[in-house]
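Here's the structure, in structure tokens; my notes come after.
The values are calculated or read from the model by the stated rules, or taken from the named source; none is laboratory data. The structure presented is a predicted model; accordingly, all values stated were derived computationally and were not measured. Cβ placement follows ideal geometry from the backbone for every residue including glycine, while neighbour counts extend to all protein chains displayed.
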Amino acid sequence: MSAVKLAKYQSIKQSVLNEILGGRLRPGDKLPVRTELLKRYGTTRVTLDKALNELIAERFLTASRRTGTFVAPRGQAQRIAIISGVAELPGQLLQRYNYLDMYRQLKDFLSDRRVDTLPPSQVLSQPALLQEYDYILSNPLSEDELASISVALKQRERIIPLNRPFAGYNFVSTDHRQAMRDLTNLFLRELPPESEIIYLDVKFSEPLYIEPVPALRKSGFIDACAEQHRFYRLVNVRLLKHREYTEYNIADISELQALSFQGTTPACIISPSKCFTGAVLRHLHESGLRLNRDVYYADFDNYDSRLNTGYDITSVLEDFSGIAAAVAEMLDTGQLLPRFVPYTIINNPFTKRGEE
């Protein structure tokens with residue numbers, strides 16, 4: 001289908017939906033016959049049928065060959081499935097408490113609907129379960145997992161990936177690539193050209209971290225360096241398996257520890273996750289290196305860095321409450337479109353230095 005026809009059917013769908021949500025079409029009202037709708041929207045039968053069929057699948061309309069198309073009654077609440085693997089992966093809880101909060105808020109926002117949480121293993125073994133739901137909210141581990149959900153459901157429009165901006169889906173997500181580009185540029189604008197710029201490149205050997213996100217963030221880092229014509233170094237790091245954790249460490253940064261930071265120009269280390277922050281700060285302290293003097297450091301989602309580390313870490317904060325609210329709004333209005341949720345960058349070390 002061409003981009004023009006896609007835009008046309010979406011505009012027709014949204015026009016009918018606006019009439020329903022605005023009260024101009026009420027439950028039980030009959031839509032005009034197809035010939036009148038074709039004339040009103042200046043379109044083809046194929047395009048019109050696609051728009052109306054999606055509204056029927058989303059339970060805003062009902063239709064039969066004999067009686068026509070009607071606005072559906074509102075007595076039946078939407079049925080929502082949240083596919084979440086957090087409960088099945090206790091080793092990830094340390095890194096994913098933000099997602100737990102997001103799921104709790106989603107359930108609060110959607111309290112007037114039937115909401116069930118399904119573990120991925122259950123969906124894998126019983127894919128037909130998904131047919132019982134109007135919408136599927138998923139935080140998939142990979143695009144392959146998302147594709148398997150699409151095959152089971154047969155309508156990807158009803159799938160909303162959470163914090164995963166997969167093309168072709170109506171996701172609600174942080175723009176991970178742009179967020180890392182902005183974070184990296186904050187340092188590139190201030191540090192001299194000879195400063196070494198280092199990125200902690202997560203390797204995936206039975207990972208605890210979710211692969212698509214650091215891959216997008218790595219791309220954002222490289223984008224910024226390319227735009228500023230800056231050389232950079234990728235340093236391999238690894239999150240330890242749950243059984244390898246110690247009281248003080250969940251990360252292997254041995255490749256970073258092998259580097260020397262004894263020059264007169266400050267270096268910069270950028271991490272795609274706060275999971276490496278404790279190990280990096282410990283290494284800097286043991287090496288006699290001063291944070292934001294000898295070495296600058298930044299990460300993601302370090303909301304309580306002063307409390308947890310004693311330092312104000314420069315960090316991108318994702319808005320998980322905003323993601324939950326945006327999903328609820330999307331389901332309330334029926335405006336199913338990909339959406340990025342704003343993020344913030346806190347603790348700019350160059351601003352803070354100017355205040356000292």
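Being touching a helix residue (DSSP H, G or I) at 6+ places or on another chain (Cβ under 8 Å), surrounded by 15 or more Cβ atoms within 10 Å (Cβ to Cβ) and under 22 Å from Q131 (Cβ atoms): is that true of T62 here?
Details: touching a helix residue (DSSP H, G or I) at 6+ places or on another chain (Cβ under 8 Å): yes; surrounded by 15 or more Cβ atoms within 10 Å (Cβ to Cβ): yes; under 22 Å from Q131 (Cβ atoms): yes.
Yes: the conditions hold for T62.
Quickly run through region 298-310 and pick out the residues that are at negative phi and surrounded by fewer than 16 Cβ atoms within 10 Å (Cβ to Cβ).
First, pick out the residues of region 298-310 that are at negative phi: 298-300, 302-309.
Selection gives Y303, D304, R306, L307, N308.
Report whether or not V295 is surrounded by 16 or more Cβ atoms within 10 Å (Cβ to Cβ), within 22 Å of N185 (Cβ to Cβ) and of a type in the set (A, V, I, L, M, F, W, C).
Values: surrounded by 16 or more Cβ atoms within 10 Å (Cβ to Cβ): yes; within 22 Å of N185 (Cβ to Cβ): yes; of a type in the set (A, V, I, L, M, F, W, C): yes.
Considered against the rule, which asks whether it is surrounded by 16 or more Cβ atoms within 10 Å (Cβ to Cβ), within 22 Å of N185 (Cβ to Cβ) and of a type in the set (A, V, I, L, M, F, W, C), V295 comes out as yes.
Looking only at region 109-121, decide whether some residue is part of a helix (DSSP H, G or I) and charged (D, E, K, R).
We begin by selecting, within region 109-121, every residue part of a helix (DSSP H, G or I); these are 109, 120-121.
Of the ones still in play, those that are also charged (D, E, K, R) are none.
Within region 109-121, none of the residues are part of a helix (DSSP H, G or I) and charged (D, E, K, R).
Condition first: in contact with a Phe, Trp or Tyr (Cβ under 8 Å, 6 or more places away or on another chain) and in a helix (DSSP H, G or I). Now tell me which residues in region 291-335 satisfy that.
Passing the criteria: S305, F320, A324, A325, V327, A328, L331.
Please find, among A63, A81, the residue that is at pLDDT 85 or above and among the hydrophobic types (A, V, I, L, M, F, W, C).
Details: A63 fails: at pLDDT 85 or above.
Answer to the check: A81.
Of a type in the set (G, A, S), modelled with pLDDT of 90 or more and surrounded by fewer than 13 Cβ atoms within 10 Å (Cβ to Cβ), is that true of G75? Spell out the reasoning first.
Values: of a type in the set (G, A, S): yes; modelled with pLDDT of 90 or more: no; surrounded by fewer than 13 Cβ atoms within 10 Å (Cβ to Cβ): yes.
No: the conditions fail for G75.
Determine which member of the set A215, A224 is assigned by TED's automatic domain parsing to the domain that holds T277, within 22 Å of Y343 (Cβ to Cβ) and modelled with pLDDT of 95 or more. Please lay out each step first, then the result.
Values: A215 fails: modelled with pLDDT of 95 or more.
Just one listed residue meets the conditions, A224.
Kindly indicate the residue of region 311-345 that is surrounded by 15 or more Cβ atoms within 10 Å (Cβ to Cβ) and of a type in the set (D, E) and also farthest from Q105 (Cα to Cα) among those meeting that condition.
That would be D312.
Can you name the residue in region 231-265 that is among the aromatic types (F, W, Y) and modelled with pLDDT of 95 or more and is also nearest to R290 (Cα to Cα) among such residues? Let's see the steps before the verdict.
Of all residues in region 231-265, those among the aromatic types (F, W, Y) come to 231-232, 245, 248, 261.
Remaining after also requiring modelled with pLDDT of 95 or more: 231-232.
Numbers: F231: 23, Y232: 21 Å.
So, considering only residues that are among the aromatic types (F, W, Y) and modelled with pLDDT of 95 or more, the one nearest to R290 (Cα to Cα) is Y232.
Looking only at residues that are out of contact with any strand residue (DSSP E or B) (no Cβ under 6 Å at 6 or more places or on another chain) and hydroxyl-bearing (S, T, Y) in region 119-149, which one is modelled with the lowest pLDDT?
So the residue we want is S142.
Being touching a Cys at 6+ places or on another chain (Cβ under 9 Å) and either among the hydroxyl-bearing types (S, T, Y) or in the same structural domain as Y99 (by TED's automatic domain parsing) (or both) is the filter here, so list the residues in region 274-310 that pass it. Working first, answer last.
Our first condition is that a residue be touching a Cys at 6+ places or on another chain (Cβ under 9 Å); within region 274-310, this holds for 295-299.
Y296, Y297 - these are the residues of region 274-310 that are touching a Cys at 6+ places or on another chain (Cβ under 9 Å) and either among the hydroxyl-bearing types (S, T, Y) or in the same structural domain as Y99 (by TED's automatic domain parsing) (or both).
Can you name the condition, by its number, that I56 falls short on among (1) in a helix (DSSP H, G or I); (2) over 17 Å from L21 (Cα atoms); (3) free of Cβ contacts under 8 Å to residues at least 40 places away in the same chain?
(2)
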